[in-house]
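Engineer: I have a structure I would like to understand better, so I am pasting it below and will then ask my questions one at a time.
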């Protein structure tokens with residue numbers, strides 16, 4: 001018997017997650033996929049320093065109703081990790097790889113879920129193909145200069161202004177095990193609720209020979225994002241994609257006012273501030289899944 005608060009159309013078999021790899025420009029791009037192929041697509045773009053692993057619980061939670069797809073960028077997770085001499089690690093280039101990935105999989109329309117690095121990758125993709133973006137889900141992903149107006153970004157901004165070995169030194173602290181654990185646990189309600197699997201998977205990948213150079217290249221490339229913000233705002237204002245903002249309000253990477261900034265440009269916006277940190281899915285994944293299900297049911301064209 002189906003419980004009264006559960007849709008009778010739920011298909012438990014659809015919750016199985018498949019782990020696949022596709023070739024994009026000689027690179028192996030790994031991705032997780034779940035849900036019916038004919039269901040509305042949700043394209044999930046991960047942040048630093050993690051991978052599609054961050055969506056490990058969200059995919060099966062929504063796969064009964066939606067086609068969930070989460071790739072790993074080059075240099076992350078289980079995708080290829082060419083050296084900085086073999087691949088240009090910029091946000092523009094990552095967006096091009098994701099663009100080709102979506103075309104390889106035949107993803108014509110999708111809800112775009114962006115978090116952290118996923119925002120500058122995803123918003124570039126949205127500008128390239130606005131007709132493909134049905135909705136936005138924003139989870140601690142920035143698109144405003146106010147969002148990076150805090151102490152966290154000072155060493156990064158100095159590096160953007162002058163790419164020197166001296167200004168690079170402080171950035172190496174972002175790549176340590178302590179920093180990775182901090183990203184997962186800072187601002188959470190209950191540290192004992194946060195699985196150590198996240199940082200125990202991410203850190204060995206960060207520690208691979210040559211990966212520090214990849215991360216530094218992307219730290220520098222992040223400076224290319226603020227000049228693009230007006231273009232992204234223009235996309236928001238022109239196309240007005242229905243937007244769900246689910247934000248860990250105790251995140252100290254982005255300025256606390258960041259989630260409110262989206263209201264300047266988006267009219268159909270639903271905002272939920274969650275009492276957790278930067279990786280809100282770790283502590284409030286079930287809540288985010290429920291909010292997404294209700295939001296997508298109301299707004300996604302089937």
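Engineer: Could you figure out which of (1) surrounded by 23 or more Cβ atoms within 10 Å (Cβ to Cβ); (2) within 23 Å of residue 206 (Cβ to Cβ); (3) without any contact (Cβ under 8 Å) to a residue 60 or more places away in the chain isn't true of residue 114?
Structural biologist: (3)
Engineer: Condition first: in a loop (DSSP other than H, G, I, E, B) and within 13 Å of the chain's Cα centre (by Cα). Can you find one or more residues in the range 25-41 that meet it? I'd like the intermediate steps shown before the answer.
Structural biologist: The initial filter retains those residues of the range 25-41 that are in a loop (DSSP other than H, G, I, E, B), namely 25-26, 35-40.
Keeping just the survivors that are within 13 Å of the chain's Cα centre (by Cα) gives none.
Within the range 25-41, not a single residue is in a loop (DSSP other than H, G, I, E, B) and within 13 Å of the chain's Cα centre (by Cα).
Engineer: Let me spell it out: the conditions are (1) touching a strand residue (DSSP E or B) at 6+ places or on another chain (Cβ under 9 Å); (2) surrounded by 20 or more Cβ atoms within 10 Å (Cβ to Cβ), and residue 75 meets all of them except one. Which number is the exception?
Structural biologist: Status for residue 75: all satisfied but (1).
Engineer: Quickly run through the range 195-211 and pick out the residues that are farther than 15 Å from residue 86 by Cα and either in a helix (DSSP H, G or I) or in contact (Cβ under 8 Å) with a residue 40 or more places away in the chain (or both).
Structural biologist: Listed by number, the residues that qualify are 195, 197, 198, 199, 200, 201, 202, 203, 204, 205, 206, 208.
Engineer: Return the residues of the range 42-57 that are farther than 25 Å from residue 26 by Cα, surrounded by fewer than 24 Cβ atoms within 10 Å (Cβ to Cβ) and touching a residue at least 40 places away in the same chain (Cβ under 8 Å); say none if nothing qualifies.
Structural biologist: Across the range 42-57, the qualifying residue is only 57.
Engineer: Could you check the range 251-265 and list, in sequence order, the residues that are touching a residue at least 60 places away in the same chain (Cβ under 8 Å), assigned to a loop (DSSP other than H, G, I, E, B) and more than 11 Å from residue 145 (Cβ to Cβ)?
Structural biologist: Across the range 251-265, the qualifying residues are 251, 252, 253, 254, 257.
Engineer: In the range 147-174, which residue that is within 19 Å of residue 118 (Cβ to Cβ) and touching a residue at least 24 places away in the same chain (Cβ under 8 Å) is surrounded by the fewest Cβ atoms within 10 Å (Cβ to Cβ)? Quick ask: steps written out before the conclusion?
Structural biologist: Just the residues of the range 147-174 that are within 19 Å of residue 118 (Cβ to Cβ), to begin with: 147-148, 152-153, 156, 174.
From the residues that got through so far, the ones that are touching a residue at least 24 places away in the same chain (Cβ under 8 Å) too are 147-148, 152, 156, 174.
Working: 147: 23, 148: 20, 152: 14, 156: 18, 174: 20.
Among those residues, the one meeting the criterion is 152.
Engineer: Only one residue in 138, 98 is more than 28 Å from residue 25 (Cβ to Cβ) and surrounded by 14 or more Cβ atoms within 10 Å (Cβ to Cβ), so which one is that?
Structural biologist: 138
Read the figures in this text as sums done on the coordinates, not as results from a lab. These numbers were taken from a predicted model, which means no experiment stands behind them. Counting neighbours? That spans all protein chains shown, and the Cβs are built from the backbone with ideal geometry, glycine included.
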